[in-house]
Amino acid sequence: MGMTIAQKIIKKHLVSGEMIPGQEIAIRIDQTLTQDATGTMAYLQFEAMGVSRVKTEKSVAYIDHNTLQSGFENADDHRYIKTVCKKHGVYYSRPGNGICHQIHLERFGKPGKTLLGSDSHTPTGGGIGMLAMGAGGLDVAVAMGGGEYYIVMPKIVKVNLIGKLNPFVSAKDVILEVLRQLTVKGGVGKVIEYFGEGVKTLSVPERATITNMGAELGATTSVFPSDEITREFLKAQDREEDFIELYPDEDAVYDEEITVNLSNLKPLAAKPHSPDNVEQVEMIGKIKVDQVCIGSCTNSSYMDLMKVAKILKGKTVHPDVSLSIAPGSKQVYNMLALNGALADLIACGARILECACGPCIGMGQSPNSKGISLRTFNRNFEGRSGTKDAGIYLVSPETAAASAITGVLTDPTTLDIPISVSMPEKFLINDNMIDAPAEENNDVEVLRGPNIKPFPINEKLSESIDKNVVLKVGDNITTDHIMPAGSKILPYRSNIPYLSKFCFAVCDEEFSERAKEQGGGFIIGGQNYGQGSSREHAALVPLYLGIKAVIAKSFARIHRANLFNSGIMAIEFIDESDYDKIDLGDNIILPSIISDIENGNEITIENKTKGYTFKGRMELSDRQKEIVKAGGLLNYTKNNN
């Protein structure tokens, strides 16, 4: 039986386990990336392991999230990351160089390699034929130290692309269509592989847009073939030697298959407040728009912004619209400046932001109250923009640019201007903002600012746990709900005690104080608990507040792993009707948790307040059982070194 692309890469990197869907496997990691919102914690954890030098082929730290320096906190974190990278063998991308996923695609990504990143949109690398996965910072730290990465062997979904995109219809519309079909839960436990004649019509940046937002499906990752189009992209980046051809076998077997006809696609938008709430732009209608933001790791490539510049050239942004544009990298920014496109963007009235994540993670450009904001980003969760009552729509760069001119949501296919953009034969190469690490056996001093506090470490698991329910939430709780981003909070990513004040504030402003007063407890959740960002803080902060377990109907992959890594148990209801019987404040007991873990997957749970017992499920490998009993991955790693 033939193999898919993902199966081929996994087989080449397999360290232990069998490639049977649902079985735990361990794979070797070739490359890692971190960004500054998660990086400080990842490098603190790496230092705690006592490994002197990273053992990957290439590890890169990017500064792209916390670039707003309104106090010393972000600058101190950047200084810490810079010095710890220089000491331990990690390349450092300076502030202003651009967004991690855009730069990694341009300068470091290699077909057939594995990439693990402390950011949920690391699957962007699948656009160049990598097996690229997002994970928590501790998993990345372990990989940097030479450890394997453990995942459940995924199922493989084939997305058959046929036809060719029409003018003004883009890769963003492709992934929005896949989200419409599969939903934000449809990719859990799966790799999405793109296949078919339509693949040949898509450039690497277009493919990367699609794999980037595969994270919103809950997928382990997404991947495209590495073909002649991949070769041409790498050649234009002066990296043709990194190319390898990578296709699925003709007799490869897939677990699921869907088809997307590119020729039939029309411009789409994800309506508030979920990336799978998708409808055609023309069907939504001409709603008034207050703000347009173009950029993010999804849509800030040279190709994207050249199309935007063509639409905006000679026009003026509507007087009721605030338009901001953030190039994804210094390379993109430089090329726009040299060919005159940047001048066209400035002339139309766009506000040019630095090469960074910016508004995508709530770092500036929050809309006005009850405002409508069109964004070329990947997430439109409630409150993520920094304005809780704003209506955020996810759209393509073409739709965003057209709407910025008209002042209303506009189908860009109604425009009558030339839009085609050719891929450059050669990109502008200038890596002067990427610092190489020092040689081994160096005496580099690692500099820590006063805002960098020790991270919480759990204790060994006790045989019984008796605590109250301190929070009950519904379905599709995101890591933005658990641990919000934004300019007021992100500077404190290295200060868990301070961050704890904001934990679950979007859902229940009294949660943090209640958890502290009661010495921690249990959280009850619905379906797809923990979807969204890979941010490890959504587990570390609850750990600091004493949360012992989350009992939910189901969990998102990365967050489930982060909970276990922190020593917080992720228990699923066997009978989902038990969710409805539990109230805030109920006294819950896990009377024999260690015995339950050792003897199988079923967990006995007593609701002492209501006077009944029910069962939960916690499917763990033998290794995961030892991690939970040790109180988390860091304790387990120390115990086994």
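The values are calculated or read from the model by the stated rules, or taken from the named source; none is laboratory data. Just so you know, these numbers come straight off a predicted model, no measurement behind them. Quick reminder, even Gly has a Cβ in these numbers, built from the backbone with ideal geometry, and neighbours come from all protein chains shown.
Quick rundown of the values:
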read-out: Unique match (being free of Cβ contacts under 8 Å to residues at least 40 places away in the same chain, under 30 Å from Met19 (Cα atoms) and out of contact with any Ser or Thr (no Cβ under 7 Å at 6 or more places or on another chain)) among Glu250, Glu257, Glu228; value: Glu228
read-out: Close pairs from region 482-506: first within 16 Å of Cys357 (Cα to Cα), partner among the basic types (Lys, Arg) and at pLDDT 90 or above, Cβ under 9 Å, at least 6 apart; value: none
read-out: Tally, over region 594-636, of residues that are assigned to a helix (DSSP H, G or I), within 25 Å of the chain's Cα centre (by Cα) and not aliphatic (A, V, I, L, M); value: 1
read-out: Selection status of Asp575, out of contact with any Ser or Thr (no Cβ under 7 Å at 6 or more places or on another chain) and either farther than 22 Å from Val541 by Cβ or of a type outside the set (S, T, N, Q) (or both); value: yes
read-out: Residues that are in contact with a strand residue (DSSP E or B) (Cβ under 8 Å, 6 or more places away or on another chain) and surrounded by fewer than 20 Cβ atoms within 10 Å (Cβ to Cβ), drawn from region 336-350; value: Ile346, Gly349
read-out: Some residue of region 518-534 being part of a helix (DSSP H, G or I) and either touching a Phe, Trp or Tyr at 6+ places or on another chain (Cβ under 9 Å) or surrounded by 24 or more Cβ atoms within 10 Å (Cβ to Cβ) (or both); value: no
read-out: Single condition Ser70 does not satisfy, out of (1) under 20 Å from Asn432 (Cα atoms); (2) at pLDDT below 95; (3) over 24 Å from the mean Cα position of the chain (by Cα); value: (1)
read-out: Neighbours by Cβ (under 6 Å, 6+ apart or cross-chain): first from region 303-322, farther than 20 Å from Glu206 by Cβ; second in a loop (DSSP other than H, G, I, E, B); value: Thr316/Gly349; Val317/Gly349; His318/Gly407; Asp320/Gly407; Val321/Val289; Val321/Gly407
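Per-residue answers, yes or no, for (1) under 22 Å from Ile627 (Cα atoms); (2) among the β-branched types (Val, Ile, Thr); (3) out of contact with any strand residue (DSSP E or B) (no Cβ under 7 Å at 6 or more places or on another chain):
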| site | (1), (2), (3) |
| --- | --- |
| Gly567 | yes, no, yes |
| Tyr579 | no, no, no |
| Gly585 | no, no, no |
| Ser592 | yes, no, no |
| Ser595 | yes, no, yes |
| Ile603 | yes, yes, no |
| Glu606 | no, no, no |
| Thr609 | no, yes, no |
| Phe614 | no, no, no |
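Results for (1) assigned to a helix (DSSP H, G or I); (2) surrounded by 14 or more Cβ atoms within 10 Å (Cβ to Cβ), shown as yes or no for each residue.
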| residue | (1), (2) |
| --- | --- |
| Ile9 | yes, yes |
| Gly22 | no, no |
| Ile25 | no, yes |
| Ala42 | yes, yes |
| Thr67 | no, yes |
| Asn74 | yes, yes |
